[in-house]
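Please read through the structure below; I'll follow up with questions.
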Amino acid sequence: MNILILSTNRNLYSTRRLVEAAQARGHAIKVMNHTKCYVVMDANNLDVYYGDHVVANVDAIIPRIGSSVTFYGSSIIRQFEMKKVFTTLSSLALVRSRDKLRALQILASKGIPIPRTAFAKFPSDIDHLIKQVGGPPLVVKLLEGTQGLGVVLAETKKAAKSVIEAFYGLEANILVQEFIEESAGRDVRAFVIDGKVIAAYRRIGKEGDFRSNLHRGGTGEAIKLTRKEKEIAVAAAQSLGLSIAGVDMLQSNRGPLVMEVNSSPGLEGIERYSNIDIATSIIQYVERQVNKPKKSDKIGA
């Protein structure tokens, strides 16, 4: 197969591992910076260009789209989709998952357990908003935040009001969310591929930090998920239309709660702590999809 990875940095761990896995299985694979691609279209003609060259003869793409270029990245993916090129991440699923509010609304509508969450633009009664999520301590999150940035724990009502008012004063879009105290700065990342949890690990925040992100200095450890946790992780990925996803869950007293579903999950942490070859599993998934018989190829079609 001819596989194209859409990535702005070919030296990133995840990108390098995907290249190694594809080459090991005999595929031709290239890395292309999607921010330097552009699309051209007219009637019955949709092309993707890189420089003055048309990007052609591609069997599959593996998008690794950063959050800062979600809109542009989704437009490049969409062009490939319209050219009937298989993608591990659809443009719609990317947009759904990157909008934290939209993603939580979809998860809640599907009956998937999440922390109680509130969203308001300019609430007339902040006290009531705080009450809706169970009161302090509570978590305030910027909708545009990533890797633990823009996430604040407000431990008292006074602090919560101050933080919320400050964000509203900056005209920032925020989520107000209940704090799951028993998670104690830990969460679980489940890696889902094609409707199955392939691997998982527990992320542990550094001492004194309620956030568990590895980018914030946290560590990890191998973990075996319960059947319920696996079911919820798969359901969360499917509800957003993601065939490959990193599902982040809190282990609460009332069961697993989905915090976020990542559409471009990194491979370094999950491979390091689970000791499972995730990159090869992704390439094998691509092989199954690209080689899947088309309906017109079936006998009697």
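Among the residues that make up region 88-110, is at least one of them part of a loop (DSSP other than H, G, I, E, B), of a type in the set (D, E, K, R) and in contact with a strand residue (DSSP E or B) (Cβ under 8 Å, 6 or more places away or on another chain)?
The answer is no, given that none of the residues of region 88-110 is part of a loop (DSSP other than H, G, I, E, B), of a type in the set (D, E, K, R) and in contact with a strand residue (DSSP E or B) (Cβ under 8 Å, 6 or more places away or on another chain).
Out of the residues in region 253-301 meeting the condition of being at pLDDT 90 or above, among the polar types (S, T, N, Q) and over 20 Å from I29 (Cα atoms), tell me which one is least open to solvent (accessible area, probe 1.4 Å).
S263
Exactly one of these conditions fails for A118: (1) touching a residue at least 24 places away in the same chain (Cβ under 8 Å); (2) under 30 Å from R254 (Cα atoms); (3) in a helix (DSSP H, G or I). Give me its number.
Exception for A118: condition (3).
Looking at the structure I just gave you, is Q23 in a helix (DSSP H, G or I) and free of Cβ contacts under 8 Å to residues at least 24 places away in the same chain? Walk me through how you get there before you give the answer.
Numbers: in a helix (DSSP H, G or I): yes; free of Cβ contacts under 8 Å to residues at least 24 places away in the same chain: yes.
Taking the combined requirement at face value, the residue satisfies it.
Could you list, in sequence order, all residues of region 3-38 that are over 18 Å from S68 (Cα atoms), surrounded by fewer than 16 Cβ atoms within 10 Å (Cβ to Cβ) and of a type outside the set (F, W, Y)?
Scanning region 3-38 gives N11, E20, Q23, A24, R25, G26, A28, K30.
List the number of the failed condition for V139; all other conditions in (1) open to solvent by less than 20 Å² (accessible area, probe 1.4 Å); (2) at pLDDT below 95; (3) in contact with a helix residue (DSSP H, G or I) (Cβ under 9 Å, 6 or more places away or on another chain) hold.
So V139 meets the others, but not (3).
Every residue in region 214-252 that is in contact with a Phe, Trp or Tyr (Cβ under 8 Å, 6 or more places away or on another chain) and open to solvent by 10 Å² or more (accessible area, probe 1.4 Å), please.
G220, E221, A222, I223, S243, I244
Could you check how many residues of region 40-71 are open to solvent by 50 Å² or more (accessible area, probe 1.4 Å), closer than 27 Å to N262 by Cβ and not in a loop (DSSP other than H, G, I, E, B)?
Total meeting the criteria: 4.
Another question, if that's okay. List every residue pair whose Cβ atoms lie under 6 Å apart, where the two residues are 6 or more positions apart in sequence or sit on different chains, the first residue falls within region 258-277 and is closer than 13 Å to A245 by Cα, and the second residue, located anywhere, is open to solvent by less than 40 Å² (accessible area, probe 1.4 Å) and part of a loop (DSSP other than H, G, I, E, B).
V258/I112; V258/I114; V261/L240; S263/L89; S263/L242; S264/I65
Among the residues of region 47-61, write down those that are closer than 14 Å to V85 by Cα and not hydrophobic (A, V, I, L, M, F, W, C).
If the condition is that a residue be closer than 14 Å to V85 by Cα and not hydrophobic (A, V, I, L, M, F, W, C), then D47, N57, D59 are the ones that fit.
So, one more: Starting from region 228-241, keep only residues that are within 15 Å of L257 (Cβ to Cβ), then list their pairs with residues that are part of a helix (DSSP H, G or I) and at pLDDT 95 or above whose Cβ atoms are within a distance under 7 Å, requiring at least 6 positions of separation or different chains.
A236/L107; S239/I106; S239/L107
Check G195, G185 and return the single one that is closer than 30 Å to R272 by Cα and in contact with a Phe, Trp or Tyr (Cβ under 6 Å, 6 or more places away or on another chain). Steps first, please.
Values: G195 fails: in contact with a Phe, Trp or Tyr (Cβ under 6 Å, 6 or more places away or on another chain).
After ruling out the rest, the residue left standing is G185.
Moving on to the next point. Can you tell me which condition V192 does not meet? The list is (1) in contact (Cβ under 8 Å) with a residue 40 or more places away in the chain; (2) farther than 19 Å from G220 by Cβ, and all the others hold.
(2)
Okay, next question. Go through (1) at pLDDT 95 or above; (2) over 26 Å from R288 (Cβ atoms); (3) crowded, with 19+ Cβ neighbours inside 10 Å for K100 and report which single condition fails.
The failed condition is (1).
While we're on this one: Could you tell me whether region 168-183 includes any residue that is in a helix (DSSP H, G or I), surrounded by 19 or more Cβ atoms within 10 Å (Cβ to Cβ) and out of contact with any Pro (no Cβ under 7 Å at 6 or more places or on another chain)?
Looking through region 168-183, at least one residue is in a helix (DSSP H, G or I), surrounded by 19 or more Cβ atoms within 10 Å (Cβ to Cβ) and out of contact with any Pro (no Cβ under 7 Å at 6 or more places or on another chain).
The values are calculated or read from the model by the stated rules, or taken from the named source; none is laboratory data. None of the values given here were measured: they were computed from a predicted structure. Here the Cβ is made from the backbone with ideal geometry for all residues, glycine too, and neighbour counts use every protein chain on show. Only protein heavy atoms, including side chains, enter the accessible area calculation; ligands, DNA and RNA are left aside. Shrake-Rupley method; radii C 1.70, N 1.55, O 1.52, S 1.80 Å.
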